[in-house]
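To keep things clear, I will list the structure first and then write my remarks on it.
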Amino acid sequence: MNVLSKGMTIGLVLQLGVFLLGFCPAASAARLKDIASLKGTRSNQLVGYGLVVGLNGTGDGTGTKFTVQSLVNMMERLGVHVSKDQVKVSNVAAVMLTANLPPFARVGSKVDVLISSIGDAKSLQGGTLLMSPLRGVDNQIYALAQGPLLVGGFASSGASGGGVSKNHPTVGNIPNGASIEKEIPFDFQQLDDLVIALNQPDFTTATRVATVISQNLKDVKAFPSDAGTIRIRLTEEQKTRVVSLVASLEQLQIELDSRAKIVLNERTGTVVMGENVRISAVAIAHGNLSVQIKEEQNVSQPSPLSSGGQTTVTPESKVEVKEDDKRLILMSGGATLGDLVKALNAVGVSPRDLITVFQAIKASGALQADLEIF
């Protein structure tokens, strides 16, 4: 894959492509674990609500009613009876908690927690999260979070209203701040078959995965169900060693296949071309018309011994128009990516001009690739 970014010439990209082809003959091969996942072994998102205390006057304002109500409810549960009118929350902030419950997580395992302010707090720096439950989509509690926050920023302000801030002081995290309290049941031993899901569905890649598995693992039969899944039927003996079987599957080298695609970013001038890009017979003309205007000031002196003469300045404009007419390139049908880059290099287009050239080739019907513009 070649990348044409702003400030990079086509010739440099061509040299980079030759280098990669020369030293990375298996660049299109990847481990199965990097291009697919095992169906059923995915992470689950958790969310929760909590209070951060101990802030140095940078918490929510008194008008944030849900923070006041949450603080009153918490103190009631702790046996402290207070009135809403007696509570000031300048040192307290209401926050939302998010975390990911990884597959095979067991009770007592730790996961990271991300904390984000939902009120008008100015900063969470120095705060401590009180014990807060984290729930799944089924509204069941799967983890409990608590601990001091790490905030990668700060905010300071003066009495007159001026101040300075860095990064996002209203967002923090607690590494290993949540303890798993409930597991998601999943038993490998109860599986009748393994289903491998490709990250990028493709019929050719799915067929290659099934072929590689059947050829490299004894007594393992795999077949593609569709473009995104490969199914392996487990025997009674294989059910007793599913973990080692999955470990062997993960290390298999798969040669990937994908649709021909060119990605264009008009804002940055970035162009990414896949290796399967092909073009039909086409002539590419890229005219470069330049108009140059020069303004010069000429000084006119009076003749010697003349009376009443004055020195005057007369402006003079010079206009030059140049057009390069040696930019017609003829390409034969079935040209590869290397041929295309060589031709465009000969034309001398810049990365931004390259976007226009590709759009014109696509419009002519000569480009056998998808154009994705963003």
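Structure data summary
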read-out: Output for region 248-269, where each listed residue is of a type outside the set (A, V, I, L, M, F, W, C) and in a strand (DSSP E or B); value: Q253, E255, K261, N265
read-out: Region 108-122, residues that are among the hydrophobic types (A, V, I, L, M, F, W, C) and over 28 Å from the mean Cα position of the chain (by Cα); value: A121
read-out: Those strands (runs of 3 or more DSSP E) lying entirely in region 117-162 with at least 1 residues modelled with pLDDT under 90; value: 154-157
read-out: Flag if G269 is crowded, with 17+ Cβ neighbours inside 10 Å and either more than 20 Å from A30 (Cα to Cα) or among the acidic types (D, E) (or both); value: yes
read-out: Near pairs, Cβ below 9 angstrom, 6+ apart or cross-chain, from region 58-76 (under 14 Å from L129 (Cα atoms)) to any residue that is of a type in the set (S, T, N, Q) and assigned to a loop (DSSP other than H, G, I, E, B); value: G59/S90; G59/N91; G59/S123
read-out: Hits in region 71-107 (condition: among the aliphatic types (A, V, I, L, M), within 42 Å of the chain's Cα centre (by Cα) and closer than 22 Å to L149 by Cβ); value: L71, M74, V89, V92, A93, A94, V95, M96, L97, A99, L101
read-out: Count - residues of region 179-191 that are within 15 Å of S43 (Cα to Cα) and either assigned to a strand (DSSP E or B) or among the aliphatic types (A, V, I, L, M) (or both); value: 2
read-out: In region 187-201, the residues that are in contact with a Lys or Arg (Cβ under 9 Å, 6 or more places away or on another chain) and among the charged types (D, E, K, R); value: D192, D193
read-out: All positions within region 85-112 that are farther than 26 Å from V137 by Cβ, aliphatic (A, V, I, L, M) and either loosely packed, with under 15 Cβ neighbours inside 10 Å or in contact with a His (Cβ under 9 Å, 6 or more places away or on another chain) (or both); value: none
read-out: Test: D226 is over 32 Å from the mean Cα position of the chain (by Cα) and either loosely packed, with under 13 Cβ neighbours inside 10 Å or over 20 Å from S37 (Cβ atoms) (or both); value: no
read-out: Residue in region 348-365 that is surrounded by the most Cβ atoms within 10 Å (Cβ to Cβ), counting only those that are modelled with pLDDT under 80 and not in a helix (DSSP H, G or I); value: V349
read-out: Complete set of residues in region 178-197 that are polar (S, T, N, Q) and closer than 30 Å to A145 by Cα; value: S179
read-out: Residue among L32, L55 that is within 22 Å of the chain's Cα centre (by Cα) and either modelled with pLDDT of 85 or more or not assigned by TED's automatic domain parsing to the domain that holds V195 (or both); value: L32
read-out: Some residue of region 64-78 being within 30 Å of N44 (Cβ to Cβ) and touching a Gly at 6+ places or on another chain (Cβ under 8 Å); value: yes
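The values are calculated or read from the model by the stated rules, or taken from the named source; none is laboratory data. Keep in mind the model is a prediction, meaning the values are calculated, not measured. No Cβ is skipped: glycine too gets one built from the backbone with ideal geometry, and neighbour counts run over all protein chains shown.
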